[in-house]
Amino acid sequence: MNLSEIRKEYTLKSLDIKDVSLDPLRQFSHWFQEAIDAEALEVNAMCLSTLGINGYPNGRIVLLKEVDHGFVFFTNYESEKGQEIAALPKASLTFFWAELERQVRISGDLEKISSAESDAYFFSRPLGSQIGAWTSPQSKAIPDRDFLEKRLHEMEQRFSEEKLSRPPHWGGYRLNPIQIEFWQGRPSRLHDRIRYEKSESENWIISRLAP
């Protein structure tokens with residue numbers, strides 16, 4: 001395998017600063033809809049990067065579940081990512097839609113969404129996913145798969161006898177962006193990059209970056 005010979009020329013689209021929205025969230029929604037229309041695989045999958053407790057960056061794929069004035073995702077608050085967010089509530093998100101040769105990078109501050117918002121999403125999930133949130137001690141070391149299967153059976157038994165509720169350790173976060181960059185692949189690696197940065201006055205400053 002010669003990795004140096006793996007390359008792709010990007011030719012599908014272009015991105016010009018005069019064509020983008022003044023609002024990066026509106027621009028994101030436009031690109032997201034185009035990714036849906038292009039039937040991008042796992043269109044709402046994004047890499048969430050936090051700072052590990054050990055000081056090293058830590059990334060994993062999570063699913064975007066809402067865009068309002070920020071970007072909302074859900075997880076176990078006691079998981080590795082939950083502990084990292086509690087220690088430093090700042091993160092970045094990265095989307096890559098290969099079908100459109102596009103990438104979006106977002107950085108910002110994290111906050112927990114309200115209990116009511118978390119409840120509403122939790123009860124919209126399939127029953128198995130709801131029980132799964134009670135079953136898994138996310139990010140903790142476990143002895144084997146049988147441990148999970150036994151826990152699942154216990155939780156199914158428990159919630160056949162009592163009303164199912166949202167676990168107190170499970171809910172949503174919103175990333176409030178301070179910077180968003182839109183990247184469009186172009187020929188000869190001369191890609192288009194448009195960056196939005198939030199100013200002290202809460203306005204968005206738009207600039208074009210060299211690839």
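Taken together, the values in this text are just the output of simple stated rules run on the coordinates, not laboratory data. Here the structure is a predicted model, which means the values were calculated and not measured. In this analysis, Cβ positions are derived from the backbone assuming ideal geometry, glycine residues included, and neighbour counts consider all displayed protein chains.
Run down the aspartates and glutamates and flag those whose C-alpha is under 17 Å from the C-alpha of Lys81, throwing out any fewer than 8 positions away in its chain.
Lys81 reaches Asp109, Glu111.
Taking the Cβ of Thr94 as the center, what net charge do the other residues with Cβ under 12 Å away carry, scoring Lys and Arg +1 and Asp and Glu -1?
Its environment carries a net charge of +2.
On a straight-distance basis, which lysines could pair with Lys18 in a cross-link, Cα separation under 25 angstrom, same-chain partners fewer than 8 positions away excluded?
By straight Cα distance, Lys18 reaches Lys198.
Could you work out the helix-only [θ] at 222 nm for the chain, with each DSSP H run of four or more residues adding -39,500 (n - 2.57) and the total divided by the number of residues, to the nearest 500 deg cm²/dmol?
The helix-only estimate for the chain comes to -8000 deg cm²/dmol at 222 nm.
Which net charge results when you count Lys and Arg as +1 and Asp and Glu as -1 among the other residues whose beta-carbon is under 11 Å from that of Ser49?
Value of the local net charge: +3.
Evaluate E = 1/(1 + (r/R0)^6) for Leu152 and Ala116, where r is the Cβ-Cβ distance and R0 equals 22 Å; express this FRET efficiency to the nearest 0.05.
E between Leu152 and Ala116, to the nearest 0.05, is 0.20.
Loop only by DSSP, 15 or fewer other Cβ within 10 Å of the Cβ. Give me the trypsin sites (Lys or Arg not before Pro) in segment 41-101 that pass, ordered by residue number.
Filter output for segment 41-101: Lys65.
Which order do Met46, Met155 fall in if you start with the one that has the fewest other Cβ atoms within 10 Å?
On the way: Met46 23, Met155 18.
Starting with the residue having the fewest Cβ neighbours, the order is Met155, Met46.
Within the set of other residues whose C-beta is less than 12 Å from the C-beta of Lys150, count the net charge using Lys and Arg as +1 and Asp and Glu as -1. Each step should come with its number before you reach the end.
On the way: positive: Arg145, Arg151; negative: Asp144, Asp146, Glu149, Glu154, Glu156.
Taking every Cβ under 12 Å from that of Lys150, the sum is -3.
What are the aspartates and glutamates whose alpha-carbon lies under 18 Å from the alpha-carbon of Lys112, with same-chain residues fewer than 8 places away excluded?
Glu66, Asp68, Glu78, Glu80, Glu84
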